[in-house]
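So the structure is just underneath, and the comments pick up after that.
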Amino acid sequence: TMAHSKALLVLENFIAGKFVPCSSYIDSYNPSTGDVYCRVPDSGKEEVEAAVKAAKNAFPIWSSKSPLERSQILNKLADLIEHDLEAFAQAESKDQGKTITFARTVDIPRAVYNFRFFASSILHHTTECTEMATIGCVHYTSRAPVGVAGLISPWNLPLYLLTWKIAPAIACGNTVVAKPSEMTSVTAWMMCKLLEKAGVPHGVVNVVFGTGAKAGEALVCHPDVPLISFTGSTLTAQRIVEKSAPHCKRLSLELGGKNPAIVFDDADLSQCIPTTLRSSFANQGEICLCTSRIFVQRGIYSEFLKRFVAEAKKWKAGNPSDPTVDVGALISKEHLEKVRSYVKKAQAEGARVHCGEGVDPLALPTGNQKGYFMLPTVIAEVKDESCCMQEEIFGPVTCVVEFDTEEEVIERANRVKYGLAATVWSSNVGRVHRVAQRLQSGLVWTNCWLVRDLNLPFGGMKASGIGREGAKDSYEFFTEVKTITIKH
């Protein structure tokens, strides 16, 4: 009914500094209730065309500003988001299903920090110079922004990962057309309301909402968008590579993972168990860096499993806005079904589910009965060949298996198509270095998880991606280098 649709939040595209209505819309659900609560523009070629045009028009002025001027604007935007931190956290939790605690302590502070970090780093990049005195030549490099950047971000850490792209792109002097996930577009839309106040000129940041198949494809195929930064699934990335090939676009692709934790028998379990619970189940397991294969050395396997399962059972699922809740809702009904199907497959193969899905009762508050919830699930006695050990599940599911030797566990940990992150638990410093060297993984944490220095390269090997992001890496991706030789 009309009365019903009036109560829904209706988003609009943000193009050339103005909110623009769209001719058709997609329903977006509140994952914790299962109700439609928002309508998102179903943009396509026309909307993307208008946004690219606005970004192209804004490029000459924005790219000619000094790094310091751009830095001041980024810092102002960070302050404005921080000022509204609570409203952003509430919106992110409601839209994505994550707990309010996680949105408050991780997502929104990190989005703010992304702007501050690149506002600072842009002031410290230097170029190179070499001399050939014998023939009277000097060579130097200069870096210039590329142009219009197409930024496509996922639904698991919506504002956090969108700003991780927008901040370096505009800090370097590019203008952008961003497409957030159609399932989690609200915080991007809220950020658009702050751009003018921060001093971002019209057209520098354009946000087009819609699906990957329509809006994303139009952006990837646009001849005037020389660069695409994408975070999401390996499958979508393959399509992006194909579609962008005729235009020779520059790509940065941050994809999935099937991340191992390797627990040696000299691990400090008092540290290892709480951290590995977080690395398996934080944000409902919906983080590309989450642990989904836990290899435990035989000597401590049964003790580890017993303690790990006991602690996992203490995690409380329920209304994400309840501060005592540890596990929020999964993103969608379809995604929940997919994650559950992996647990069913594991059981069919003879694996044992120790806690969670299908084993423990899921008690939900009245208002959340139709939400997309699932308890932290621990599977053991699962074979390395199983799809649960090979494919990215992206939910609160982790597999625990035993191993005997260092040599064997390295080989098994590497026997997947992915190579994003790994964790190693051991108090033997030599072993920690040896294992870290041999794991096919873009990131290796030892005796910790998700400790990030944004200066350092972030990204994956194999099917986990192409390229790296970080202070220097993002700067190199978002600029073109030119070598100039002067004979005097």
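The values are calculated or read from the model by the stated rules, or taken from the named source; none is laboratory data. No experiment lies behind these values; they were computed from the predicted model shown. Note: ideal-geometry Cβ built from the backbone for every residue, glycine included; neighbour counts use all protein chains shown. Quick note on the areas: whole protein, heavy atoms, side chains included, nothing else; ligands and nucleic acids left out. Shrake-Rupley method; radii C 1.70, N 1.55, O 1.52, S 1.80 Å.
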Inset, instruction - Pop out the ³J(HN,Hα) list for segment 439-448 in order, Karplus 6.51 cos²θ - 1.76 cosθ + 1.60 with θ = phi - 60°, rounded to Hz; leave Gly and Pro as x. - result: 6, 7, 7, x, 9, 10, 9, 10, 6, 6
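Counting alpha carbon pairs within less than 8 Å and at least 6 residues apart, what relative contact order, in whole percent, applies to segment 259-446?
On the way: 349 pairs, mean separation 55.0, N = 188.
For segment 259-446, the relative contact order is 29 percent.
Rounded to two decimals, what is Rg over Rh for segment 174-301 when you use alpha-carbon atoms and the Kirkwood radius? Kindly include the intermediate steps, with their values, before the conclusion.
Details: Rg = 20.1 Å, Rh = 17.8 Å.
My calculation of the ratio gives 1.13.
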Inset, instruction - With an 8 Å cut-off on Cα pairs and a minimum separation of 6 or more residues, tell me the relative contact order of segment 342-398 in percent. - result: 43 percent
Inset, instruction - List the trypsin sites (Lys or Arg not before Pro) within segment 84-184 that fall in a DSSP loop (any state other than H, G, I, E or B) and whose Cβ has at most 11 other Cβ atoms within 10 Å. - result: none
Legend entry - Kirkwood hydrodynamic radius over Cα pairs of segment 1-139, then Stokes diffusion coefficient at 10 °C and 1.306 mPa s, in µm²/s: 84 µm²/s
Inset, instruction - Determine the percent antiparallel among the DSSP beta bridges restricted to the chain, to the nearest 5. - result: 45 percent
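What length, rounded to one decimal in nm, is gained on full extension from residue 85 through to residue 197, with 0.36 nm per residue of separation minus their alpha-carbon distance? Mind dumping the intermediate values first?
On the way: separation 112, 0.36 × 112 = 40.32 nm, distance 1.63 nm.
Length gained between residue 85 and residue 197: 38.7 nm.
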Inset, instruction - List the relative contact order of the chain as a percent without decimals, with contacts defined as Cα pairs under 8 Å and 6+ residues apart. - result: 19 percent
Inset, instruction - Please give the per residue accessible area of the chain, computed with a probe of 1.4 Å over protein heavy atoms only, in Å². - result: 41 Å²
Legend entry - Amide hydrogen neighbours beyond the local backbone of residue 373, cut-off 5 Å, H modeled: 330
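Among the GluC sites (Glu not before Pro) in segment 350-440, which ones are in a DSSP loop with at most 11 other Cβ atoms within 10 Å of the Cβ? Mind listing them? Show your work: numbers first, answer last.
Working: sites: 357, 381, 385, 391, 392, 402, 406, 407, 408, 411; in loops: 357, 381, 385, 391, 392.
Passing sites in segment 350-440 are 385.
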Inset, instruction - Calculate the length of the line joining the C-alpha centroid of segment 26-62 to that of segment 438-488, in whole Å. - result: 29 Å
Legend entry - Per-pair calculated FRET efficiency, R0 = 25 Å: residue 415 and residue 338 via Cβ, rounded to 0.05: 0.60
Inset, instruction - Heads up, I need the accessible area for residue 472: 1.4 angstrom probe, whole protein in place, Å², nearest 10. - result: 120 Å²
Legend entry - lysines whose Cα lies under 16 Å from that of residue 462, excluding same-chain neighbours fewer than 8 positions away: 258, 417
Inset, instruction - Over the alpha-carbon set of segment 221-288, work out the extent along each principal axis and list the three values in angstrom, largest first. - result: 54, 22, 17
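Could you tell me the convex hull volume per residue, in Å³, taken over the Cα atoms of segment 259-446?
Working: hull volume 20.7 nm³, N = 188.
Considering the Cα atoms of segment 259-446, their hull volume per residue is 110 Å³.
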Legend entry - Backbone N under 16 Å from the residue 480 label point (7 Å along Cα→Cβ), restricted to segment 133-167: 141-150
Inset, instruction - Note down the nm distance, to one decimal, between modelled labels 7 Å out along Cα→Cβ at residue 313 and at residue 125. - result: 5.3 nm
Inset, instruction - Could you tell me what percent of the accessible area of the chain is made up of carbon and sulfur, with a 1.4 Å probe and every protein chain present? - result: 55 percent
Inset, instruction - For segment 259-301 and segment 343-393, write down the distance between their C-alpha centroids in whole Å. - result: 17 Å
Inset, instruction - Would you mind checking which residues have amide H under 5 Å from residue 149's amide H? H placed 1.01 Å from N; only 5 or more apart, or other chain. - result: 175, 176, 177
